[in-house]
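Structure first, then comments.
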Ligand SMILES: Cc1cc2nc3c(=O)[nH]c(=O)nc-3n(C[C@H](O)[C@H](O)[C@H](O)COP(=O)(O)OP(=O)(O)OC[C@H]3O[C@@H](n4cnc5c(N)ncnc54)[C@H](O)[C@@H]3O)c2cc1C
């Protein structure tokens, strides 16, 4: 029998950490859930600080090359549900050529240039008067009773603390909530497995093909997928859904890679980065050799970091679930709208050419535990009826147990089915704006977020052009 390896430890020396910044509202994480929160709070007059571990904002929408942005009622491309800051972002992109004009834009699939998105976000944060700290990784918190007193950062200047009246956890993984000891869930109820990680990548030199050619080459790609000759979960061509983060002719950004694992485990993350980078090259090589329109294609870039679909969901007073998405449920304490379908990528990282999402219709053999035991009762369908959208209740962003914390973006209180829809960029930005307003109300009235009245948030959001 293998001997269990004894863990070894070192004791970190205790040290005093300087409080480098004090603010009313401190936002940790500058992705779709974070930057709108900081802008919204600062515009209300709060002294606001935003902290981001990379040198740029946008989270997975820039560092991960994720997109397009979905800003419509499901199945109804003409019915936009975007307003407030998310819409301002699109308008800002349009002004500098980073998104298509109103004649050509598709609200169900808003393509954009991630490079220009960085500039739009920088401009909006600066204009709102947000204090910015880039290249700063939050590594822990100091608590006083049930309140977070400060967040500890590591950066090139050393270790520093930032103090706030209200904190917003927009880290994508619920890092602050986790450190604060908030209750959370991870993954699907049957076995805790989370949606697989994955990336987009950008290729250029793609030439258009006719419909017949696409059909023919799709057959070739699908056969290779089923025979496990290429590590891709679907066949891609130059279609709108694959042009999410590029507006340039001959360029596409496919989402076809997968790796299972827990993205809060650094060993899984490391494995995923290395696997998917290798898979990407194999996929591009296969297309170059086997698909007509791709014979001259080349890999432009892979993302700065692995795409993470699901990790911790910090529990709040309500858990958004798959039925809420499917039934377009409304809530009196609504603070944002969601529109996407239940987009669950196989937590085992598997695929078949007949289906690539985790659902009752999954064709992967042998069937996994979800299909056998749970799927039929939980999610018999994954697409809501056409024209529908649902509300995100305020209770989903207020964690139980920590006095001055709000959660924004992907890690809100939601189950595996609910979060698979609410995790998209447009919804995360809308949640972010609402979190910023809630933080303003809490900090200016010296209240905890829990006692902030949702109706007061709604009034300000509606005044700011947010459709509720
Ligand atoms: C493969 C894949 C494809 C996708 N495709 C689409 C798509 O086509 N359309 C769509 O709308 N959505 C898509 N998504 C989903 C979407 O990109 C994310 O769910 C969304 O970006 C989540 O926003 P967020 O702000 O919660 O998290 P993130 O985008 O992850 O942003 C979190 C930010 O916090 C920072 N951060 C994290 N931890 C710390 C820390 N400790 N200290 C300081 N900073 C920290 C990060 O650097 C990052 O900037 C896709 C996701 C994946 C994985």
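The values are calculated or read from the model by the stated rules, or taken from the named source; none is laboratory data. If you're wondering where the values come from, they're calculated on a predicted model, not measured in any experiment. Heads up, the Cβs are rebuilt from the backbone with ideal geometry, glycines too, and the neighbour counts pull from every protein chain shown.
Within the range 461-468, identify whether any single residue is touching a strand residue (DSSP E or B) at 6+ places or on another chain (Cβ under 8 Å) and under 28 Å from residue 347 (Cα atoms), and answer yes or no.
no
Could you tell me whether any residue of the range 152-165 is in contact (Cβ under 8 Å) with a residue 12 or more places away in the chain, part of a strand (DSSP E or B) and more than 15 Å from the ligand (Cβ to nearest atom)?
Yes, the range 152-165 contains a residue that is in contact (Cβ under 8 Å) with a residue 12 or more places away in the chain, part of a strand (DSSP E or B) and more than 15 Å from the ligand (Cβ to nearest atom).
Output the residue which, of all residues in the range 124-151 that are touching a helix residue (DSSP H, G or I) at 6+ places or on another chain (Cβ under 9 Å) and not in a strand (DSSP E or B), is surrounded by the most Cβ atoms within 10 Å (Cβ to Cβ).
For the range 124-151, the residue satisfying everything is 130.
Against the condition buried (at least 19 other Cβ atoms within 10 Å of the Cβ) and within 16 Å of residue 248 (Cα to Cα), how does residue 43 come out, does it pass?
Working: buried (at least 19 other Cβ atoms within 10 Å of the Cβ): yes; within 16 Å of residue 248 (Cα to Cα): no.
So residue 43 fails the test.
State all residues of the range 228-246 that are surrounded by fewer than 18 Cβ atoms within 10 Å (Cβ to Cβ) and at pLDDT 90 or above; if no residue qualifies, say none.
Once the filter is applied, which keeps residues that are surrounded by fewer than 18 Cβ atoms within 10 Å (Cβ to Cβ) and at pLDDT 90 or above, the range 228-246 yields only 229.
The rows are residues; the columns are (1) outside any strand (DSSP E or B); (2) touching a helix residue (DSSP H, G or I) at 6+ places or on another chain (Cβ under 6 Å); (3) within 14 Å of the ligand (Cβ to nearest atom).
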residue	(1), (2), (3)
5	yes, no, no
12	yes, no, no
16	yes, no, no
20	no, no, no
23	no, no, no
39	yes, yes, yes
45	yes, no, no
66	yes, yes, yes
78	no, no, no
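Out of the residues in the range 47-63 that are within 6 Å of the ligand (Cβ to nearest atom) and surrounded by 24 or more Cβ atoms within 10 Å (Cβ to Cβ), state the one that is nearest to residue 88 (Cα to Cα).
61
Determine which single condition residue 91 fails, assuming it passes every other condition in (1) assigned to a loop (DSSP other than H, G, I, E, B); (2) within 23 Å of residue 435 (Cβ to Cβ); (3) away from the ligand (no atom under 16 Å from the Cβ).
Condition (1) is where residue 91 drops out.
If you go through the range 256-266 one residue at a time, do you hit one that is part of a helix (DSSP H, G or I) and either assigned by TED's automatic domain parsing to the domain that holds residue 426 or without any contact (Cβ under 8 Å) to a residue 40 or more places away in the chain (or both)?
Looking for residues that are part of a helix (DSSP H, G or I) and either assigned by TED's automatic domain parsing to the domain that holds residue 426 or without any contact (Cβ under 8 Å) to a residue 40 or more places away in the chain (or both), one finds at least one in the range 256-266, hence yes.
Any residue in the range 130-140 that is more than 13 Å from the ligand (Cβ to nearest atom) and either closer than 30 Å to residue 99 by Cα or touching a strand residue (DSSP E or B) at 6+ places or on another chain (Cβ under 9 Å) (or both)? Quick ask: steps written out before the conclusion?
Just the residues of the range 130-140 that are more than 13 Å from the ligand (Cβ to nearest atom), to begin with: 130-131.
Remaining after also requiring either closer than 30 Å to residue 99 by Cα or touching a strand residue (DSSP E or B) at 6+ places or on another chain (Cβ under 9 Å) (or both): 130-131.
Yes - at least one qualifying residue is present in the range 130-140.
Specify which of the listed residues (177, 187) is more than 28 Å from residue 278 (Cα to Cα) and either surrounded by fewer than 21 Cβ atoms within 10 Å (Cβ to Cβ) or within 16 Å of the ligand (Cβ to nearest atom) (or both). Walk me through it before giving the result.
Working: 187 fails: more than 28 Å from residue 278 (Cα to Cα).
It is 177.
Cβ-Cβ under 6 Å, sequence separation 6+ or interchain: first residue in the range 65-94 and over 25 Å from residue 199 (Cβ atoms) and modelled with pLDDT of 95 or more, partner within 13 Å of the ligand (Cβ to nearest atom) and part of a helix (DSSP H, G or I). Which pairs?
If the second residue must be within 13 Å of the ligand (Cβ to nearest atom) and part of a helix (DSSP H, G or I), the pairs left are 84/433; 85/36; 85/433.
Is it the case that some residue within the range 4-24 is under 24 Å from residue 459 (Cα atoms), in contact with a strand residue (DSSP E or B) (Cβ under 9 Å, 6 or more places away or on another chain) and crowded, with 24+ Cβ neighbours inside 10 Å?
Within the range 4-24, not a single residue is under 24 Å from residue 459 (Cα atoms), in contact with a strand residue (DSSP E or B) (Cβ under 9 Å, 6 or more places away or on another chain) and crowded, with 24+ Cβ neighbours inside 10 Å.
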